[in-house]
Amino acid sequence: MFPEAATLFGGACVLPDREGSNARFGLMSADQSSGDPLNDAAELPRVSVVIPAYNEESVIRQCLIAAIYQSVPAHEIIVVDNLSTDRTAAIVRQMQLEYPESPILLLTQDREQGLIPTRNFGLDHATGDVLGRIDADSVVEPDWVEQVQRAFQDHSVQAATGPVVYYDMPMRRFGLKADDKMRQLMLKLAKHQYHFLFGSNMALRSTAWNTIRAETCRDEKDEMHEDIDLSLHLAEHDLKVQYCPQMVSGMSARRLEDSPRDYRYYVTRFDRTYKAHNVKKMALKAPMVVFFSVYFPAKLLRAIHTVNTAQPVRRGGQ
């Protein structure tokens with residue numbers, strides 16, 4: 001691993017392989033290689049990485065560093081700047097100069113403010129076979145592109161998602177395992193009828209995007225979870241979503257900085273998204289319960305962690 005990328009996680013987080021799958025939604029099966037290296041290489045999909053960005057000067061560099069230093073290079077890394085008023089675009093342009101061999105593209109979506117039109121603009125302009133979608137504060141693991149390719153070697157898989165590790169929280173490995181367990185539990189509670197993509201760590205086939213792109217909710221009032229909306233549109237077309245435990249991304253826990261009122265509004269986006277799709281399955285309310293229950297203890301942990309990491313190192317017993 002390259003030093004600059006390695007320091008973001010303090011080492012790669014790897015989950016053990018898990019067996020089993022479901023006809024429609026389930027866990028990633030073991031390596032589905034044909035055994036012929038030449039044929040396998042020819043069949044590997046090209047992976048585009050799309051990163052919507054609005055005023056992300058504090059995190060966009062680390063996001064791009066992680067996307068560049070991959071065991072298998074991405075076909076393209078697309079940053080879509082959405083009317084940023086800070087140095088987001090300038091930092092991306094600087095990185096294009098620093099890493100001329102890397103396929104970093106900077107696009108501008110200046111017609112309207114918002115994550116969904118910016119996301120759609122990036123997905124529409126991506127040219128890969130598989131369209132990865134992460135946030136500007138995401139820090140994907142060094143084998144993320146490789147794991148995405150493996151997931152989509154199964155031609156029945158139309159979209160994939162994986163767990164996340166919060167890189168600005170303590171006990172990262174424990175947090176990663178907990179996140180993985182929670183997502184698998186949600187899959188069971190939904191009885192494999194629905195499996196939700198996570199916007200900080202997801203990918204879908206370009207053909208699947210073309211199928212649902214005109215149907216996805218615009219959400220002009222910004223009331224919904226756009227990644228859950230995508231998932232429900234995929235489900236309406238019976239397009240298979242795969243959960244892949246090895247497809248790991250890091251993200252910031254900066255949502256915990258929200259006030260209780262703002263955090264509650266964020267969590268209740270689940271309900272508003274379900275209502276927009278007339279989904280009434282009670283088990284799908286479980287994420288809301290989890291998010292509400294962890295807010296105050298997680299907020300305290302993050303505050304303690306922030307103070308501890310900000311303290312200068314004392315030398316010579318001083």
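The values are calculated or read from the model by the stated rules, or taken from the named source; none is laboratory data. Please read all numbers here as calculations on a predicted model, not as lab measurements. Please note: Cβ atoms are built from the backbone with ideal geometry, for glycine as well, and neighbour counts cover all protein chains shown. Just the protein is used for accessible areas: all its heavy atoms, side chains included, with ligands, DNA and RNA removed. Shrake-Rupley method; radii C 1.70, N 1.55, O 1.52, S 1.80 Å.
Side notes on the structure shown:
- Distance (nanometres) between label positions extended 7 Å along Cα→Cβ at Asp154 and Phe174: 3.2 nm
- Cα-based reach from Lys181 at 15 Å (exclusive), listing aspartates and glutamates while leaving out same-chain residues under 8 positions away: Asp17, Glu19
- Taking 0.36 nm per residue of separation and subtracting the Cα-Cα distance, full extension of the segment from Gln96 to Leu185 would add 27.9 nm.
- Applying a DSSP loop filter and a limit of 16 other Cβ atoms within 10 Å to the GluC sites (Glu not before Pro) in segment 218-308 leaves Glu220, Glu223.
- Over segment 173-299, relative contact order from alpha-carbon pairs under 8 Å, at least 6 apart, %: 30 percent
- Segment 149-154 - phi-based ³J(HN,Hα) in whole Hz, Karplus 6.51/-1.76/1.60, Gly and Pro as x: 4, 4, 4, 8, 5, 7
- Based on protein heavy atoms only, segment 81-176 ends up with 41 Å² per residue of surface accessible to a 1.4 Å probe.
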